[in-house]
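K.L.:
Have a look at the structure that comes next, please.
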Amino acid sequence: MSEFLFFVASVVFIYVAFYYGLVTGAKCRSSVVLKGKTAIVTGGNCGIGKSTALDLAKRGARVILACRDKRRAEAAVYDIRTESGNNQVVFMQLDLASLESVCRFAETFLKTEPRLDILINNAGVLGSGRTKDGFGMAFGVNHLGHFLLTKLLLERLQQCGSSRVVTVAARLHCFGSIDFPLIDSEKDLVTGQSMCHTFKAYCNSKLCNVLFTRELSNRLEGTNVTCYCLHPGVIHTSLCRNFGLPHLLTPIAKLFLLDPNMGSQTTLYCALCEGIEPFSGRYFANCSVQQPSVKGQDDALAQKLWEVSERLISTS
Ligand SMILES: NC(=O)c1ccc[n+]([C@@H]2O[C@H](COP(=O)([O-])OP(=O)(O)OC[C@H]3O[C@@H](n4cnc5c(N)ncnc54)[C@H](OP(=O)(O)O)[C@@H]3O)[C@@H](O)[C@H]2O)c1
Ligand SMILES: *[C@@H]1O[C@H](CO)[C@@H](O)[C@H](O)[C@H]1NC(C)=O
Ligand SMILES: *[C@@H]1O[C@H](CO)[C@@H](O)[C@H](O)[C@H]1NC(C)=O
């Protein structure tokens, strides 16, 4: 019985992996050096965020790991400093599931850091529950927290010339949709707490990431700040730890999925590659521009989401 399950799970995994972008072997070949530049990586303590932070540190950047857990973040700071030989890697507390924490982070950052060249909105959850402000977890953390964070840091980005905002979305945004009346009544993108709802909420929040980037680029016109969103590939990380998948899948996942270093390549491409500025607002995968879903290209939807998000952060 368990062998049969193993087989079925493998087949499903292989299908999902190949269909939804496991084959993203392209590497970011930029040789850009970041001496004197500052980057923030949200969720930089593990997974794709940690690999991203390590690469930026190796290029000489000052890297702020914006994370919720001090202990885990400081362990990552230690690892990254050791491996990169760069001691300009620091932890700053940020819990994206609390708008107050986002404000406090921005306040501290703006008080202590004179520049911001690269903001990487990387943190993400696939899980149920509510944020401190009562929003659905995926909506609150993946979208609203980053929305507020970006808004609060925009001025500093603009002061630093050709700065960039990179938001880690996902190919799964294709399954996403946004129900505005539901956001009003439930403060969430779904109703219900089943595994199915949790998964749908994640897809919907990733569509928010795509639309946020689209509208942000419109609003950044005339400045030297550009923004990008991306699918990192299907990567073996702890993203699904709270999703209740059987442990049986772990060895298969290890076997078939890419590692976090490969998972950081498109993020790095969007953060570093010279000459992609004309593609501000667009969606990338495998280190190249790709077409997002039809909803992901809807400017009216993007504008509405921006306005609704603005209202939600001001009334919470
Ligand atoms: N793995 C994939 O195949 C895949 C595919 C498509 C897109 N993505 C996206 O890639 C991004 C990185 O995910 P990953 O795969 O590297 O997963 P991961 O290893 O679970 O990393 C997620 C990061 O987000 C942080 N985080 C979660 N909730 C937070 C909160 N409330 N405040 C601040 N930080 C919070 C986590 O911090 P803790 O350590 O404290 O939990 C962790 O550092 C996510 O946006 C995800 O949606 C991943
Ligand atoms: C990813 O990019 C690499 C190099 O640019 C290319 O060879 C490969 O075919 C691409 N894979 C997919 C799935 O687009
Ligand atoms: C953008 O950068 C160019 C070239 O560095 C500069 O001349 C211009 O003033 C900048 N524009 C703004 C709005 O900062």
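K.L.:
Over all pairs of distinct alpha carbons, what does the Kirkwood formula give as the hydrodynamic radius of the chain, in Å?
P.N.:
19.5
K.L.:
Using unit Cβ charges (K, R positive; D, E negative) and no other charged atoms, how large, in debye to the nearest 20, is the dipole of the chain about its Cα centre?
P.N.:
Dipole of the chain, to the nearest 20 debye: 660 debye.
K.L.:
Provide the net charge surrounding residue 181, with neighbours chosen by a C-beta distance below 15 Å and charges set as Lys +1, Arg +1, Asp -1, Glu -1.
P.N.:
-2
K.L.:
What number, in percent, do you get for the relative contact order of segment 29-315 if the mean sequence gap of Cα pairs under 8 Å and at least 6 apart is divided by its residue count?
P.N.:
Answer for segment 29-315 is 18 percent.
K.L.:
Same structure, new question: Give the cross-link partners of residue 58 among the lysines, using a straight C-alpha distance below 22 Å as the criterion and excluding same-chain residues fewer than 8 apart.
P.N.:
Hits, sequence-local ones excluded: 27, 35, 37, 50.
K.L.:
Would you please state which residues of segment 142-183 a label at residue 308 would reach in this model, taking the label point 7 Å out along Cα→Cβ and a backbone N cut-off of under 18 Å?
P.N.:
142-148, 173-183
K.L.:
How do the peptides 30-37, 99-106 rank, highest first, by the average count of neighbouring beta carbon atoms within 10 Å per residue?
P.N.:
99-106, 30-37
K.L.:
Order the following by accessible area, largest value first: 194, 84, 264. Probe radius 1.4 Å; ligands, DNA and RNA are ignored.
P.N.:
194, 84, 264
K.L.:
How large, in Å, is segment 45-144 by the Kirkwood hydrodynamic radius built from its alpha-carbon pairs?
P.N.:
Computed over segment 45-144, the radius equals 14.1 Å.
K.L.:
I've got another one for you. List the equivalent ellipsoid semi-axes of segment 25-78 in whole Å, largest first, each obtained as the square root of 5λ for an eigenvalue λ of the Cα gyration tensor.
P.N.:
So the equivalent ellipsoid measures 20, 14, 8 Å along its semi-axes.
K.L.:
Once you have a ≥ b ≥ c as the square roots of the Cα gyration tensor eigenvalues for segment 147-201, tell me rounded if a/c is under 1.5, and otherwise prolate or oblate according to whether a/b is larger than b/c.
P.N.:
Because a/c hits 1.5 or more and a/b exceeds b/c, segment 147-201 counts as prolate.
K.L.:
For residue 83 paired with residue 100, estimate the spin-label separation in nm (one decimal), with each label point 7 Å from Cα along the Cα-to-Cβ line.
P.N.:
3.5
K.L.:
Report the accessible area of residue 175, computed with a 1.4 Å probe over the heavy atoms of all protein chains in place, in Å² rounded to the nearest 10.
P.N.:
Looks like 90 Å² after rounding.
K.L.:
Is segment 176-287 best put as rounded, prolate or oblate by its Cα gyration tensor, with a ≥ b ≥ c the root eigenvalues, rounded for a/c under 1.5, and otherwise prolate when a/b is larger than b/c, oblate when not?
P.N.:
Taking the square roots of the gyration eigenvalues as a ≥ b ≥ c, segment 176-287 is oblate.
K.L.:
Students often forget the sequence filter, so: which aspartates and glutamates lie under 16 Å Cα-Cα from residue 295 once same-chain residues fewer than 8 apart are removed?
P.N.:
Cα-Cα hits under 16 Å: 179, 215.
K.L.:
Could you tell me how far the Cα centroid of segment 58-80 sits from the Cα centroid of segment 225-256, in Å?
P.N.:
Answer, in whole Å: 21.
The values are calculated or read from the model by the stated rules, or taken from the named source; none is laboratory data. Owing to the predicted nature of the structure, the values given are computational and were not obtained by experimental measurement. Every residue, glycine among them, receives a Cβ derived from its backbone with ideal geometry; neighbour counts consider all protein chains shown. Areas reflect the complete protein model, heavy atoms only, side chains present, ligands, DNA and RNA absent. Shrake-Rupley method; radii C 1.70, N 1.55, O 1.52, S 1.80 Å.
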